[in-house]
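The values are calculated or read from the model by the stated rules, or taken from the named source; none is laboratory data. Since the model is a prediction, treat every value here as computed from it, not as a measurement. No Cβ is skipped: glycine too gets one built from the backbone with ideal geometry, and neighbour counts run over all protein chains shown. Protein only, heavy atoms only, side chains kept; ligands, DNA and RNA dropped before computing areas. Shrake-Rupley method; radii C 1.70, N 1.55, O 1.52, S 1.80 Å.
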Amino acid sequence: PPWDKFQDIVKKDKVMGANADFQEFKKQVLKASVEEIDAQAQHAPVMWDFLLAFAAKKSFFRKLIIQVFNKLMQAPGWAAAWEKDLELHAKVKELHEELQSALGAQHEVLLKSIAPAALKSVALVRKEDKPEEVRVAMERERMIDAIKEEDEKTPAGADAAKAAFVTDDTAAEEEVVRTTRAELAALQEGIDAASGIDDASKMDSGGINALNKLRIGCIQCAGEEDLFQQELDHAPTVFIFLMTLAKQHPASINGVAEVMNQLMASPSWSALFEASTMLKDKLRELPDDLQAALGLQSEKVMRLIGATAKTKATGGDVPASVKGVADRMQSIRMPPRPMGGGYGAAGTSKTVLETPPVLDQWKAAKTPEGHSYYFNVRTRESTWERPAALGGPLVYKVGDEVEVWSNSMRAWCKGRVDKVEGDKVTASLTLPDGSLAKKELPSQYKDLRPMAAEKSSALTEEERTAYQALFRAIEGGSESSKPAVQISHLLWKSKLARETLKQVWMTANPGQKANLNFDEFARCCRLIAHCQAMADSPLVKAGDRPLRVKLRTECLYARPPALPKFS
């Protein structure tokens, strides 16, 4: 770390603007070994001074501050530097009593420094502040930092870092302390990213980025069954995404294994997987080495994989990095909590969110390759065959335009039905290379589908003219693309709330591109117009995930009532 910079922050009282500096220091501390930290003990007085000043003014970083204190106190040189500096003992007593107690619980040297009143409360600290729980949280945080660094090296991740939505509220803090709500939001963000991968090209360009979001969400919610249970409706989509990604990009298997490990540790998600013939078939379609890697993550998966894959898994014929995933994931899972609420400990701030009752209804969805499947919200049943509630089995007749999936070319091929005989359909089709072919398939087979009318997001002439004028006026970029940062500045002039704008941005720019072309910019404008028209709606006022779903599934394809207004 830049030690002189931290000394300058304390000396000139620049702590209020030091969020990024603290975050970077936290990341380095959690990543380093105790020996590496101890080798830098000569800088301990400066950093202890900084951390106390930061803790006094930045209560929303409370959990991360406690993690840093815990890790640094494991280094003997840093603990000794604290013990002999009486000025630090005086400064720690100026912190909030509750924070003093939490810090005192981390190490006996800190315990001797805190005020007598705080000392009395050390035994009553929240369970999440107890050293063993803090160390689990530290490992989670270290894993998340590593995933973010890894993600920034991918093309999609690098663009995302440049395209993060820019706030015009300079007084806003970058981050707040993680709560159950934030943990659930991270899981939902990962699920939404996976759900957005609905064709092979998106899997190639954004599959790894979506996987990394899922990894972060699962790490944050590890062991929190109440949170996983709330997202159970999305389980088939997530499982299919994971197995499709592993098949198309085998190098992603470690990350896929991490997520599968956490999902199969959830009683509700694992029960759904075991009960789904469709998901079990998808698992067995994977090459044996990939099945073996996933089998190592759960005894339940191990029972479902093929015999050859099972032999590989039990015989250790898998990469060493995959072998360590299960232990690593187990180490960050909190003990199961009573479903009646919280940790069961007094003073905890965690609460269990009620799962709303669900209707007995079927939902249609698509795999990343475009295959349709159906999922019952109440019974958790999933199937390739269209249920009666959604129209029953598909019926084909001679002359119907259809699409047939080519496994060898990983593409849907346009064709026409030549013959229907019983439950067999014969179709002539054109392959991607232009050659002709003929195929006979069962009428309900997943590789056969009617030619669907595409949803149109075509702009009206009025929209196109207005959006082109706005696009040309944006500074920077070229005639064909503009910087995402400059576009975000324009969106702020819509006067919509920050949370609403975030949902617009995540819908219009899901890949977090650093530069947007005109069509992508026009999507932003169209969604702004819809949100302005719905300004009094509770959906827009909440600015949460349900708004994002509505924008993605409805508003992108509908003409807004009026053009957007920018001040």
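Taking amide H positions as placed 1.01 Å from N in the peptide plane, with prolines and chain starts having none, which residues 5 or more places from LEU516, or on another chain, fall under 5 Å of its amide H?
Here LYS482, ALA484 satisfy the definition.
Report, in deg cm²/dmol and to the nearest 500, the calculated mean residue ellipticity at 222 nm for the chain, where each DSSP H run with n ≥ 4 adds -39500 (n - 2.57) and the sum is divided by the residue count.
-15500 deg cm²/dmol
What's the FRET efficiency of ASP544 with LYS363 using the Cβ-Cβ distance as r and R₀ = 22 Å, to the nearest 0.05?
The value I calculate is 0.60.
So how tilted is helix 518-533 from the main axis of the chain? Cα-based, degrees 0 to 90, rounded to 10.
Relative to the chain, helix 518-533 is tipped by roughly 80 degrees.
For LYS93, which lysines qualify as cross-link partners when the Cα separation must be under 17 Å and same-chain residues fewer than eight apart are set aside?
Counting by Cα, and skipping residues close in sequence, LYS93 has these lysines nearby: LYS57, LYS58, LYS84, LYS112, LYS120.
What net charge is computed for the residues neighbouring LYS312, neighbours being all others with C-beta under 11 Å from the C-beta of LYS312, Lys and Arg scored +1, Asp and Glu -1?
Working: positive: LYS310; negative: ASP288, ASP289, ASP317.
Overall, the nearby charge balance is -2.
Going Cα to Cα from LYS565, which lysines come in below 29 Å? Please leave out same-chain ones fewer than 8 positions away.
The qualifying lysines are LYS162, LYS455, LYS482, LYS493, LYS495, LYS502, LYS513, LYS541, LYS550.
So between LYS565 and GLN229, what do we pick up on full extension, going 0.36 nm a residue minus the alpha carbon distance?
116.9 nm
Once a ≥ b ≥ c are taken as the square roots of the eigenvalues of the Cα gyration tensor of segment 426-567, is the result rounded (a/c under 1.5), prolate (a/b larger than b/c) or oblate (a/b not larger than b/c)?
It is prolate, given that a/c is not under 1.5 and a/b is the larger ratio.
What FRET efficiency do you get for SER205 and ALA80 if R0 is 35 Å and r is their Cβ-Cβ distance, rounded to the nearest 0.05?
0.10
For the peptides 197-207, 33-43, 95-105, 515-525, what is the packing order when you average, over each peptide's residues, the other Cβ atoms within 10 Å and list the highest mean first?
Values: 197-207: 18.0, 33-43: 14.0, 95-105: 21.3, 515-525: 19.5.
So the peptides 197-207, 33-43, 95-105, 515-525, ranked by packing, come out 95-105, 515-525, 197-207, 33-43.
Give a quick list of GluC sites (Glu not before Pro) in segment 402-511 that DSSP marks as loop, anything other than H, G, I, E or B, with at most 13 other Cβ atoms within 10 Å.
Passing sites in segment 402-511 are GLU454, GLU475, GLU479.
Over all directions, how big on average is the projection of the convex hull of the alpha-carbon atoms in the chain, in square nanometres?
30.7 nm²
For segment 362-417, rounded, prolate or oblate, judged on the Cα gyration tensor with a ≥ b ≥ c (square roots of eigenvalues), a/c < 1.5 rounded, else prolate if a/b > b/c?
Cα axes put segment 362-417 in the oblate bin.
Would you check the accessible area of THR553, probe 1.4 Å, heavy atoms only, in square angstrom rounded to 10?
60 Å²
Could you point to the residue in SER382, ASN407, VAL417 farthest towards the positive end of segment 369-424's charge dipole, with +1 and -1 charges on the Cβ of Lys/Arg and Asp/Glu respectively?
It is SER382, whose Cα lies furthest towards the positive end.
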